[in-house]
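Before any comments, here is the structure.
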Ligand SMILES: *Cc1c(COP(=O)(O)O)cnc(C)c1O
């Protein structure tokens, strides 16, 4: 067994991405322009749904902020989110002066359910942000139908869920108001930093495009290639600076081509883990129903009650054996800002709390080999069974 440290996550960048970035650098157009436009078009084609619009942004956080702004979330509104998520899902609600209402998650999938969502609905509920934890879809058919019944907007935080399906349909093509993907360095594909907002609502798309670039009614590319004087533009709102530069889009174009292969590789590695970890005192990740596709952004396991060492000790011992592990997530209700601002306590979210205390994310990425999986499994056995 190699003694080199096996990192928790690594991106897979090839010659194609490097060549495209160099081409962009040489072209003289490095900010939002033809490559970003091409990436957006390719993304719509990837989702296979021509009625969608894709809007490239500089992060999923930006995309989520734009989507919430576009559906009209503002002061006094409540937005329902899981506590078991990254802080980005909540902070964008605060950007708009609205209140994030955190709810507990399912003990198998670690996703919000139609029940936890429904129980949190009040007169003030304006939107819900389901998070597809690890790349496994939430029960979107039920959540969307409840939301429609109450006039609540649905913005999917699909940072983990590219590509994943729900009832055979790709996340991004469901009947929600908008879906946002992340291309952060450790996600299932990367542009370094970046994100993609998709929606089938042309009005929402128009607002997001305008707000993505300072509230200017036409983006830079159009501005410099149309017949209008190149200096002419109109500011119609105090927008943001959320556009994706062509340098990032150059990487994205080729990552997207490789994405189906990436998913297959992640799936294969996850299946290997499932086989090889079977029978140990750990709970393996939930699997999708009805042959749906799991994006396998993460491979989350839970140490069972009978395991005598703590989760923290487990991760330390894995690190001593040269294996990088992580934890997803420290629930929002435990972070000082969210806890103190909304008077949250561990007892309010018993499932998320219990999951958090025993969760470990094992390394899972496309550059891993079968030997790497074996190394991780051997180390897990050594830490848990002492052999
Ligand atoms: C990574 C992540 C985000 C934020 O993505 P960025 O592209 O880094 O802004 C949002 N939500 C979840 C659940 C994430 O894991």
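Matching residues to (1) under 27 Å from residue 188 (Cα atoms); (2) within 16 Å of the ligand (Cβ to nearest atom); (3) touching a strand residue (DSSP E or B) at 6+ places or on another chain (Cβ under 7 Å):
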{"position": "315", "(1), (2), (3)": "yes, no, yes"}
{"position": "321", "(1), (2), (3)": "yes, no, no"}
{"position": "325", "(1), (2), (3)": "yes, no, yes"}
{"position": "336", "(1), (2), (3)": "no, no, no"}
{"position": "348", "(1), (2), (3)": "no, no, no"}
{"position": "355", "(1), (2), (3)": "yes, yes, yes"}
{"position": "358", "(1), (2), (3)": "yes, no, yes"}
Scan the range 76-92 for residues that are more than 8 Å from the ligand (Cβ to nearest atom) and in contact with a strand residue (DSSP E or B) (Cβ under 9 Å, 6 or more places away or on another chain) and jot them down.
-> 76, 77, 78, 79, 80, 81, 82, 83, 84, 90, 91, 92
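Per-residue answers, yes or no, for (1) surrounded by fewer than 24 Cβ atoms within 10 Å (Cβ to Cβ); (2) without any contact (Cβ under 8 Å) to a residue 24 or more places away in the chain; (3) more than 22 Å from residue 149 (Cβ to Cβ):
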| residue | (1), (2), (3) |
| --- | --- |
| 111 | yes, no, no |
| 114 | yes, no, no |
| 118 | yes, no, no |
| 123 | yes, yes, no |
| 133 | no, no, yes |
Residues satisfying the stated conditions in the range 62-74, i.e. surrounded by 24 or more Cβ atoms within 10 Å (Cβ to Cβ) and within 16 Å of the ligand (Cβ to nearest atom) = 62, 63, 64, 65, 66, 67, 68
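When you go through 164, 175, 185 one by one, which is the residue that is crowded, with 23+ Cβ neighbours inside 10 Å and either touching a strand residue (DSSP E or B) at 6+ places or on another chain (Cβ under 8 Å) or more than 14 Å from residue 44 (Cα to Cα) (or both)?
Result: 164 is the single residue among 164, 175, 185 that is crowded, with 23+ Cβ neighbours inside 10 Å and either touching a strand residue (DSSP E or B) at 6+ places or on another chain (Cβ under 8 Å) or more than 14 Å from residue 44 (Cα to Cα) (or both).
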Within the range 95-106, is even one residue within 15 Å of the ligand (Cβ to nearest atom), closer than 25 Å to residue 36 by Cβ and in contact with a helix residue (DSSP H, G or I) (Cβ under 7 Å, 6 or more places away or on another chain)?
-> yes
Keeping to the range 149-161, report how many residues are touching a strand residue (DSSP E or B) at 6+ places or on another chain (Cβ under 8 Å) and away from the ligand (no atom under 12 Å from the Cβ).
-> 4
Inspect all residues belonging to the range 33-41 and state whether any of them is touching a strand residue (DSSP E or B) at 6+ places or on another chain (Cβ under 9 Å) and not in a helix (DSSP H, G or I).
-> no
First in the range 173-187 and under 19 Å from residue 59 (Cβ atoms), second anywhere and away from the ligand (no atom under 15 Å from the Cβ) and not in a loop (DSSP other than H, G, I, E, B), Cβ under 7 Å, 6 or more apart | 178/199; 178/204
Verdict on residue 190 being within 16 Å of the ligand (Cβ to nearest atom), surrounded by fewer than 24 Cβ atoms within 10 Å (Cβ to Cβ) and touching a residue at least 24 places away in the same chain (Cβ under 8 Å) = yes
Where residues in the range 33-55 are within 22 Å of residue 127 (Cβ to Cβ) and within 16 Å of the ligand (Cβ to nearest atom), which of them is surrounded by the fewest Cβ atoms within 10 Å (Cβ to Cβ)?
-> 54
Any pair with Cβ under 6 angstrom, 6 or more apart, that starts in the range 352-372 at a residue that is free of Cβ contacts under 8 Å to residues at least 40 places away in the same chain and ends at one that is surrounded by fewer than 21 Cβ atoms within 10 Å (Cβ to Cβ) | 353/346
Test for residue 328: is it surrounded by 19 or more Cβ atoms within 10 Å (Cβ to Cβ) and in contact (Cβ under 8 Å) with a residue 12 or more places away in the chain | yes
Specify the residue that is farthest from residue 104 (Cα to Cα); the eligible residues are those in the range 75-88 that are outside any loop (DSSP other than H, G, I, E, B) and touching a helix residue (DSSP H, G or I) at 6+ places or on another chain (Cβ under 7 Å).
-> 88
Selection from the range 117-137 of residues in a loop (DSSP other than H, G, I, E, B), out of contact with any strand residue (DSSP E or B) (no Cβ under 6 Å at 6 or more places or on another chain) and within 12 Å of the ligand (Cβ to nearest atom) yields 132
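How about the range 275-364: which helices (runs of 4 or more DSSP H) wholly inside it have at least 3 residues that are over 23 Å from residue 82 (Cβ atoms)?
Because the criterion is at least 3 residues that are over 23 Å from residue 82 (Cβ atoms), the helices (runs of 4 or more DSSP H) in the range 275-364 that meet it are 311-320.
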Looking at (1) away from the ligand (no atom under 16 Å from the Cβ); (2) touching a helix residue (DSSP H, G or I) at 6+ places or on another chain (Cβ under 6 Å); (3) within 25 Å of residue 41 (Cα to Cα), which is the one condition that is false for residue 114?
-> (3)
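Throughout, read-outs are computed from the coordinates displayed, never taken from laboratory work. Because the structure is predicted, anything quoted here is derived from the model rather than measured. Heads up, the Cβs are rebuilt from the backbone with ideal geometry, glycines too, and the neighbour counts pull from every protein chain shown.
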